[in-house]
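The values are calculated or read from the model by the stated rules, or taken from the named source; none is laboratory data. Nothing here was measured: the structure is a model prediction, and the numbers come from that model. Cβ: placed from backbone, ideal geometry, glycine included. Neighbour counts: every protein chain shown.
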Amino acid sequence: MEAATVTELKREYAVRDPATGEEVGRYPLMGRDEVDRAVKRAREAFANWKNSSFKERKRIFLRAAQIIAENAEDYADRIARENGKTRTDAMLADLFPAADLFKYYAKKGEAFLSPVRVSGSILLPGRRAYYVFEPRGVVGAIAPWNYPFSLSAGPVISAVMAGNAVVLKPSSQTTDAGLIVKEILDKAGLPEGVVQVVTGNGAITGQALIEHPDLDMLFFTGSTAIGRQVNIKAAERLIPAVMELGGKDVAIVTKNADLDRAANGVAFGAFTNCGQTCIGTELILVDRAVYEPFVAKLTAVTKRLKTGKRPGQIGSMTMAEQLRIVEDQVKDAKEKGARVVTGGEREPGPGMFFRPTLFLDTTPDMKVRKDETFGPLKPVIPFDGIDEAIEIANSTEYGLSGAVFTRDLVEGRLIASRLKTGSVNINDVLITYAAPSLPFGGAKHSGVGRYHGKMGLRAFTDVKSITEFNWPLKREPYWYPLPENADKVAAAALRAFFIPGILNRIKGIGAAAREIIRAIKSLKKGEA
Ligand code: NAD
């Protein structure tokens with residue numbers, strides 16, 4: 001879903017500031033030829049980059065983190081301008097996590113990607129066995145508009161640290177955020193061509209990228225509907241694909257919660273970035289025993305939130321289409337009997353500011369309960385007993401993240417274990433994404449695969465297993481020619497190794513020894 005206006009003839013598009021409607025950028029709408037050129041340049045650059053030393057990667061990454069910090073004001077302005085968010089949100093949730101991920105992989109990348117020695121098996125006597133991580137090649141990365149810098153930088157940082165080249169397609173609405181990622185890496189000394197940015201919308205530029213025959217991996221962040229199409233394209237080519245998709249996350253407030261922390265946390269999880277956060281709180285589930293005091297506290301916190309572009313305010317929604325979905329969900333909920341306790345409408349004037357909204361008395365058939373909202377519109381729902389809360393939480397098609405508020409950590413862990421999601425925060429919201437050491441991704445229709453952390457970096461590699469053997473043996477006993485009783489030797493060995501109990505083992509070894517002697521004799525006879 002993209003708002004940028006496309007002038008087909010000129011093959012360019014304009015981007016408008018969602019908060020003012022002013023034009024803030026104009027970019028080429030790239031088609032198959034430009035995408036093909038970018039992939040070719042990336043392929044050429046990959047030939048050298050894959051052999052770059054970890055020392056060089058580390059130097060570039062530390063420099064990149066420093067460049068982000070030195071230019072934070074300028075970058076935050078540019079990100080906020082095309083996205084509609086506040087500068088503060090851009091600093092905290094776009095620039096900070098990206099700088100942190102640069103630094104984290106600068107420090108840990110080499111250790112995570114060094115060969116791993118493993119212990120042998122009975123089939124590996126005398127061998128050295130290990131596996132190595134090799135870059136996949138050229139990665140196509142597609143990013144959304146909600147955290148346009150962080151979610152463009154994340155896959156690029158991971159792919160490049162693992163020795164790949166990348167072609168990045170940011171959302172057309174937030175093209176500049178993708179260009180900033182490249183700008184930083186260029187300034188930090190990344191060789192030309194390792195990261196390319198293709199600008200344009202999903203239907204033309206995105207489609208050309210996912211259909212390009214010379215990609216080795218796809219990394220997609222966006223809606224579940226488009227993610228499914230991207231994953232099908234990857235499957236047709238049999239290339240790996242990581243999918244970071246939509247969500248309908250819950251925050252569960254139990255009767256053991258610190259209600260002040262819960263109200264403040266839920267309000268942040270629900271309304272930060274104007275509610276346009278994949279791992280943002282969408283449904284607020286509250287134990288009926290504390291429902292009334294909690295609603296009073298949450299309403300008070302929410303009423304204090306003001307829309308606007310100053311620090312601490314709730315910025316503009318980014319996309320006209322997303323605003324339409326929010327307004328449609330408000331209408332649907334009201335028609336079906338839900339009650340607005342605060343908010344419920346758009347601010348007058350230019351821009352797409354929408355008041356932070358809480359709904360009570362919602363029912364499961366309402367769109368706001370079933371569909372991803374991705375806006376500042378949140379139902380508060382009472383539950384009777386944890387089973388009911390879990391049932392509501394797990395009943396959606398999604399499984400991205402979730403939050404539990406309770407002072408009883410045993411209860412918190414139990415609830416966390418029962419949520420079918422890619423992450424859970426206990427007495428917290430959103431924070432798993434911000435920790436670069438934690439794998440990030442979704443369950444069910446919220447995604448496939450993980451990034452961040454050790455396993456997330458390794459996802460950008462092909463794993464190669466290697467054995468080495470160098471004893472002066474002319475052949476192995478199970479190579480040709482095999483003795484007549486080879487099956488009996490194998491059966492005795494299976495008994496000796498896998499049937500438990502010392503007697504069975506002794507019997508098995510005895511039988512194996514007899515069969516081996518027979519085998520040697522039969523082989524000698526064969527040679528004679
Ligand atoms: P979207 O799926 O509309 O677009 C995402 C990207 O895909 C954009 O760059 C778009 O240009 C591109 N695209 C669109 N059609 C394409 C096609 N046919 N081929 C190739 N590329 C195409 O999503 P959006 O509206 O930008 O972002 C909002 C959605 O993203 C929400 O559902 C949200 O939950 C999800 N999201 C998920 C995560 C996560 O980490 N799981 C993070 C942020 C956002």
Looking at the stretch 223-242, which of its residues are near the ligand (Cβ under 6 Å from one of its atoms) and surrounded by fewer than 19 Cβ atoms within 10 Å (Cβ to Cβ)? 223, 229
For residue 189: the one exception among (1) within 24 Å of residue 68 (Cα to Cα); (2) of a type in the set (Gly, Ala, Ser); (3) within 15 Å of the ligand (Cβ to nearest atom): (3)
So which of 202, 206 ends up being near the ligand (Cβ under 9 Å from one of its atoms), under 30 Å from residue 367 (Cα atoms) and buried (at least 24 other Cβ atoms within 10 Å of the Cβ)? 206
Across (1) buried (at least 24 other Cβ atoms within 10 Å of the Cβ); (2) out of contact with any helix residue (DSSP H, G or I) (no Cβ under 9 Å at 6 or more places or on another chain); (3) not charged (D, E, K, R), residue 130 clears everything bar (1)
How many residues of the stretch 272-321 are assigned to a helix (DSSP H, G or I), within 16 Å of the ligand (Cβ to nearest atom) and either closer than 21 Å to residue 430 by Cα or of a type in the set (D, E, K, R) (or both)? The answer is 5
In the stretch 357-392, anything hydrophobic (A, V, I, L, M, F, W, C), part of a strand (DSSP E or B) and more than 16 Å from the ligand (Cβ to nearest atom) is listed as 358, 359, 360, 380, 381, 383
Determine if the stretch 475-496 includes at least one residue that is charged (D, E, K, R), in a helix (DSSP H, G or I) and surrounded by 12 or more Cβ atoms within 10 Å (Cβ to Cβ). yes
In this structure, does residue 258 turn out to be modelled with pLDDT of 95 or more and out of contact with any helix residue (DSSP H, G or I) (no Cβ under 9 Å at 6 or more places or on another chain)? yes
Within the group 82, 23, which residue is within 16 Å of the ligand (Cβ to nearest atom) and closer than 27 Å to residue 309 by Cβ? 82
Where a residue in the stretch 204-215 is within 15 Å of residue 172 (Cβ to Cβ) and its partner, wherever it lies, is near the ligand (Cβ under 8 Å from one of its atoms) and not charged (D, E, K, R), with Cβ under 6 Å and at least six apart: 206/142
Tell me which residues, restricted to the stretch 58-77, are under 24 Å from the mean Cα position of the chain (by Cα) and within 18 Å of residue 23 (Cα to Cα). 75, 76
Looking at the stretch 367-402, which of its residues are surrounded by fewer than 24 Cβ atoms within 10 Å (Cβ to Cβ) and of a type in the set (Lys, Arg)? 367, 370
When the stretch 394-452 is checked residue by residue, the ones that are within 16 Å of the ligand (Cβ to nearest atom), among the aromatic types (Phe, Trp, Tyr) and either within 17 Å of residue 281 (Cα to Cα) or assigned to a loop (DSSP other than H, G, I, E, B) (or both) are 398, 433, 440
Report yes if some residue within the stretch 243-257 is within 16 Å of the ligand (Cβ to nearest atom) and polar (S, T, N, Q); otherwise report no. no
When you check residue 182 against the structure, is it in contact (Cβ under 8 Å) with a residue 60 or more places away in the chain, away from the ligand (no atom under 13 Å from the Cβ), surrounded by fewer than 24 Cβ atoms within 10 Å (Cβ to Cβ) and assigned to a helix (DSSP H, G or I), yes or no? no
Candidates 288, 355 - the one that is modelled with pLDDT of 95 or more, of a type outside the set (A, V, I, L, M, F, W, C) and under 32 Å from the mean Cα position of the chain (by Cα): 355
Just one listed residue, out of 149, 220, is within 10 Å of the ligand (Cβ to nearest atom) and at pLDDT 95 or above, and it is 220
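Would you please name the residue that is farthest from residue 393 (Cα to Cα), looking only at residues in the stretch 338-350 that are surrounded by fewer than 20 Cβ atoms within 10 Å (Cβ to Cβ) and in contact with a Ser or Thr (Cβ under 7 Å, 6 or more places away or on another chain)? I'd like the intermediate steps shown before the answer.
Filtering the stretch 338-350 down to residues surrounded by fewer than 20 Cβ atoms within 10 Å (Cβ to Cβ) leaves 339-342, 344-350.
From the residues that got through so far, the ones that are in contact with a Ser or Thr (Cβ under 7 Å, 6 or more places away or on another chain) too are 340-342, 344, 347, 350.
Values: 340: 22, 341: 23, 342: 24, 344: 24, 347: 31, 350: 36 Å.
Result: 350.
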